[in-house]
Amino acid sequence: QVQLAESGGGLVQPGGSLRLSCSASGSFFSIATMGWYRQAPGSQRELVAVDDGYGTTNYGESVKGRFTISRDKPKTTVYLQMDSLKPEDTAVYYCHADGVLLMHQGPSAYWGQGTQVIVSS
């Protein structure tokens, strides 16, 4: 199994910055794609950013140019640097990982518990 531990959420003023972290732990062979999704009250969960672990990243349209996703070298931790934050970025941010438990198995999806980000003056 893969456990995902998120940190870094909080309250920030518009225009400010936050950095989210998510570390994978447990018993697994490898972690493939890792990324972030968010869900605001009354809205569906949406893509923020993903990193496939091979240098390819993908961002949601609303965060392009403001957010940056990165991975550590073991590829078990993913970061989300959020700059120029706007009130509409307020949401619960969820870490996602595709974990491969055993060699030659396909990946399974895992989710973190979520971390709240509030952008408000």
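The values are calculated or read from the model by the stated rules, or taken from the named source; none is laboratory data. Because the structure is a prediction, the values reported are computed rather than measured. We place every Cβ from the backbone using ideal geometry, glycine too, and count neighbours over all the protein chains shown. All accessible areas refer to the heavy atoms of the entire protein, side chains included, with ligands and DNA or RNA removed. Shrake-Rupley method; radii C 1.70, N 1.55, O 1.52, S 1.80 Å.
Ranked by accessible surface with a 1.4 Å probe, highest first, in what order do Leu85, Leu47, Leu18, Leu102 come?
Result of the area sort, largest leading: Leu102, Leu47, Leu18, Leu85.
Stretch Leu47-Val100 to full length: gain in nm at 0.36 nm per residue minus the Cα-Cα span?
Numbers: separation 53, 0.36 × 53 = 19.08 nm, distance 2.14 nm.
Full extension of this stretch gives 16.9 nm more.
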Highest-MSF residue in the chain out of Ser23, Ser84, Ser70 [GNM, Cα springs under 10 Å]: Ser84
Amide H within-cut-off set for Leu85, under 5 Å, with H built and near neighbours excluded: Gly15, Gly16
Apportionment of accessible area to carbon and sulfur, the chain, percent (1.4 Å): 49
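Measuring with a 1.4 Å probe in the full set of protein chains, what accessible area per residue, in whole Å², belongs to the stretch 18-94?
Working: 3880 Å² over 77 residues.
About 50 Å² of surface per residue is accessible.
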Charged-residue dipole, Cβ positions (Lys, Arg, Asp, Glu), the stretch 1-73 about Cα centre, Debye nearest 20: 140
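Suppose the chain between Asp83 and Phe29 were pulled fully straight at 0.36 nm per residue; how much longer would it get relative to their current alpha carbon spacing?
Details: separation 54, 0.36 × 54 = 19.44 nm, distance 3.33 nm.
Taking Asp83 through Phe29 to full extension adds about 16.1 nm, to one decimal.
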Accessible-area order (highest first, 1.4 angstrom probe) of the listed residues His104, His96: His104, His96
GNM flexibility winner over the chain from Pro41, Pro87, Pro107 (Cα, springs under 10 Å): Pro41
Of Thr33, Thr56, Thr76, the one that fluctuates the most in a GNM where the chain has Cα springs shorter than 10 Å: Thr56
Phi to ³J(HN,Hα) by Karplus 6.51 cos²θ - 1.76 cosθ + 1.60 over the stretch 16-27, Hz, x for Gly, Pro: x, 10, 9, 10, 9, 10, 8, 10, 9, 9, x, 10
